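The values are calculated or read from the model by the stated rules, or taken from the named source; none is laboratory data. Since the model is a prediction, treat every value here as computed from it, not as a measurement. In this analysis, Cβ positions are derived from the backbone assuming ideal geometry, glycine residues included, and neighbour counts consider all displayed protein chains. The accessibility values were calculated without ligands, DNA or RNA, using every heavy atom of the protein model including side chains. Shrake-Rupley method; radii C 1.70, N 1.55, O 1.52, S 1.80 Å.
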Amino acid sequence: MLEWREFVLTIPVKILNDTDGMRAALAQAAKALYSATPNPRVGCVIVRDGDVLAEGHTQATGFAHAEAHALHHAQQQGVDVRGATAYVSLEPCSHHGRTPPCADALITAGIARVVVAIEDPNPLVAGQGLARLRAAGIEVELGVLTEEAREMNRGFLHRMQHGRPWVRMKIAASLDGGTALQNGESQWITSTQARDDGHAWRARACAVLTGIGTVQQDDPQLTVRAVETPRQPRRIVVDSHLEISPQAKILQGAASWIFTAVEGGANADQLRAEGHELI
């Protein structure tokens, strides 16, 4: 199985089979890793006779989904996609949200065959998009590169299936379990490459959570800095006694959430006045 960041390195020049087509669609989905939230990251590639006619990926919330983006790309290029195959990394939606149903867009465009990696567990879709395509006479294939497609959208899938966020824990520790020198002088025990990798995972997240102990000891920013991203994750602090300083770096630049057992007080009033949410 390819790791998600490898998709962009393995895009085939010629689409020889469904695996090639889905790999190209996942490479498109990877372009939406940091910008699609709360929507899933989806890629779409439209192919005829092994040649890519158009491609697209999920745009920011309220704008085109992957299929609509690809079809718009084809229209811009003056390309007729009738009779072509569309490779989509997640089942095309079948409901009206902020945008029209993607299944309808594929039908209207005259797509003859749709290859899908995984079904969308969103109750508003959940197989209905595939059913709508089949009812329109479109050939549908399901289950190509399913594990890679799931990895692309672990958070979205877990939220839809279980109603809870997908949580990753990052621990920087030595082999013997240490996280810092005993005298407190050490700032990092990891390499630059490891820290950059941590920022890449951070950029994928909707939120980054830490405790008051880390805030007091390290005064971290918890922002994404090592990779380019159009969106910063929400920063969250667990602070039972509301001991956080309003000058803490984690509170600078954007509103944070602070989970606490303290109802009020001067510190709480100041934090709320600065736009932070106390929960």
**Study point:** With every protein chain in place, the chain: carbon and sulfur % of accessible area (1.4 Å)
**Key:** 51
Check your understanding: Under a 1.4 Å probe, what is the accessible area of the stretch 132-279 per residue, stated in Å²?
Key -> 63
**Study point:** Simple spin-label estimate for Ala268 and Asn17 in nanometres, 7 Å along Cα-Cβ
**Key:** 6.3
Check your understanding: Using a 1.4 angstrom probe with every protein chain in place, what is the largest-first accessible-area order of Asp20, Asp49?
Key -> Asp49, Asp20
Point to revise | Cα centroid separation - the stretch 53-83 against the stretch 166-230, whole Å | key: 38
Study note, to complete from the structure: The longest stretch of the chain containing none of the chymotrypsin sites (Phe, Trp or Tyr not before Pro) that sit in a DSSP loop with at most 16 other Cβ atoms within 10 Å is 64-165
Practice item. Sequence neighbours fewer than 8 away in the same chain don't count; with that in mind, list the lysines whose C-alpha is under 29 Å from Lys170. Key: Lys31, Lys249
Review point. Does the chain classify as rounded, prolate or oblate by the C-alpha gyration tensor (a ≥ b ≥ c root eigenvalues; a/c under 1.5 gives rounded; else a/b over b/c gives prolate, otherwise oblate)?
Key: prolate
Check your understanding: What is the calculated FRET efficiency for Gln217 to His158, with r their C-beta to C-beta distance and R₀ = 41 Å, to the nearest 0.05?
Key -> 0.85
Check your understanding: What does the charge add up to near Phe259, with Lys and Arg as +1, Asp and Glu as -1, over the other residues with Cβ less than 10 Å from its Cβ?
Key -> -2
Point to revise | Sites Arg195 and Arg134 - FRET efficiency at Förster radius 51 Å, r taken between beta-carbons, to 0.05 | key: 0.60
Review point. Whose amide H sits under 5 Å from the amide H of Leu142, counting only residues 5 or more places off or on another chain, with H placed in the peptide plane?
Key: Val116
Exercise for review: Tally the DSSP beta bridges in the stretch 47-159 and give the antiparallel ones as a percent, rounded to 5.
Suggested key: 25
Review point. Points 7 angstrom from Cα along the Cβ direction at Glu185 and Gln75: gap in nanometres?
Key: 6.5
Point to revise | Inter-site label distance for Val167 and Arg234 at 7 Å from Cα along Cβ, in nm | key: 1.5
Point to revise | Cα shape, the stretch 105-144, gyration tensor, a/c 1.5 rule | key: oblate
Review point. What residues qualify as long-range amide H neighbours of Trp166, i.e. H under 5 Å apart, gap of 5 or more or another chain, H built at 1.01 Å from N?
Key: Arg159
Review point. Accessible surface of Ser245 in the full protein assembly, 1.4 angstrom probe, to the nearest 10 Å²?
Key: 50
**Study point:** Per-pair calculated FRET efficiency, R0 = 45 Å: Ser245 and Ala112 via Cβ, rounded to 0.05
**Key:** 0.15
Point to revise | Within the chain, longest stretch clear of exposed GluC sites (Glu not before Pro) (DSSP loop, no more than 16 other Cβ within 10 Å) | key: 4-184
Revision key, fill the gap. Note: probe point = Cα of Glu151 + 7 Å toward Cβ; backbone nitrogen < 18 Å; residues of the stretch 220-254 passing the test are none
